[in-house]
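Shown next, in structure tokens, is the structure this report addresses.
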Amino acid sequence: MKIGVSTLAINNNELYENLKFLEELNIDYVEILQEYPNSNIDVDLLNSFNFHYTIHSPIIDLNIASLNKSIQMASINEIGKSIDLANSLDSDIIVVHPGSVPFLARDYIDKVLVKCRESLITCENYAKDLGVNIAVENMPNIDGFLYKDINELNELLINLDMGMTLDVGHAGVNGFLENDMYFDSIKHVHLSDNNHDHDMHYALGEGSIDFKTVIENFEKNNYDGIYIIEVNDKEPVLKSLEYLEKL
């Protein structure tokens, strides 16, 4: 198993010290959340560590499915910067969110989905030219978010010949069972726990998700990607690593 940690747990202005913390845990894989205050990343700093990196594109203020052309293009541009960062770090995975439906656009959901598709194709074409793969993430059960249904997301990505980031916690709060979370389109996995109600990003083992079943199913299907622990603080990182070691 390839196990890594997201900098969501340490997203502050002390990136070097936080990466040192992960280095001391003998972590091989780190996912950089390219979000303020780490929106402008020092590549030399990252390369001073021996991590293999994946990149999570920005999640705040972006909407690639926006019906406002300026917002859509600005969102694509920001994802392009994350693709450039991934390329500079020899990373082959960048996580992208599929966007959302503002309340005034609810009567135009078909047009919103077309915009999402257009944006993903644009981002994927740029990424492919640089040897980077986009992995689109399924969303939590929050009003307006697109592609909360992992079956619908899988169908889209098969059609676009793109990969998925499966967020196990997000799938759990949307009612999907642990045995039903695997697709061949999945190239990347986020792990956090909850009680199948709210997307809490608990440490693994602190909620009710059956990670043993999830991981056994993925290993049975020869999943070769990374399992990224995506929790909210350092202590849950330690608890999650201990949990996985016991598994």
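The values are calculated or read from the model by the stated rules, or taken from the named source; none is laboratory data. Bear in mind the structure is a predicted one, so any value in this text is a computation, not a measurement. Positions of Cβ are generated from backbone atoms using ideal geometry, with glycine treated the same way; all protein chains shown enter the neighbour counts. Just the protein is used for accessible areas: all its heavy atoms, side chains included, with ligands, DNA and RNA removed. Shrake-Rupley method; radii C 1.70, N 1.55, O 1.52, S 1.80 Å.
For the range 126-228, the solvent-accessible area with a 1.4 angstrom probe is 42 square angstrom per residue. The residues of the range 6-111 expose, per residue, 51 Å² of accessible area to a 1.4 Å probe. In a simple Cβ point-charge model (Lys, Arg +1; Asp, Glu -1; nothing else charged), the range 111-232 has a dipole of about 360 debye relative to its Cα centre. When only the Cβ of Lys, Arg, Asp and Glu is charged (+1, +1, -1, -1), the dipole of the chain relative to its Cα centre reaches about 520 debye. Of all the options 137, 31, 219, the one that moves most in a Gaussian network model of the chain with Cα springs shorter than 10 angstrom is 219. Taking every DSSP helix (H) stretch of at least 4 residues in the chain, weighting each as -39,500 (n - 2.57) and dividing the sum by the residue count yields a mean residue ellipticity at 222 nm of -12000 deg cm²/dmol. Since only 170, 19, 114 are under comparison, the one whose Cα sits farthest along the positive direction of the charge dipole of the chain, derived from C-beta charges on Lys, Arg, Asp and Glu, is 114. Of all lysines in the structure, the ones whose alpha carbon falls short of 24 Å from that of residue 2, not counting any fewer than 8 places away in one chain, are 20, 128, 187, 212, 220, 234, 239, 246.
Computed on the range 1-77, with alpha-carbon pairs under 8 angstrom and 6+ residues apart, the relative contact order is 28 percent.
So, R0 is 30 Å and r is the distance between the beta-carbons of residue 247 and residue 47; what FRET efficiency does that work out to, to 0.05?
Numbers: r = 32 Å, r/R0 = 1.06.
The calculated FRET efficiency here is 0.40.
Using a 1.4 Å probe on the protein heavy atoms, what percent of the accessible area of the range 91-222 belongs to carbon and sulfur? Its accessible area is 47 percent carbon and sulfur atoms.
Using r as the Cβ-Cβ distance of residue 67 and residue 219, and R0 as 45 Å, what FRET efficiency do you calculate, to the nearest 0.05? The computed FRET efficiency comes out at 0.60. In percent, rounded to a whole number, the relative contact order of the range 154-199 is 48, using alpha-carbon pairs under 8 Å and six or more apart. Qualifying chymotrypsin sites (Phe, Trp or Tyr not before Pro) in the range 139-247, where qualification requires a DSSP coil assignment and no more than 12 other C-beta atoms within 10 Å, are lacking entirely. Annotation for residue 130 and residue 106: the two label points, set 7 Å from Cα along the Cα-Cβ direction, are 3.7 nm apart.
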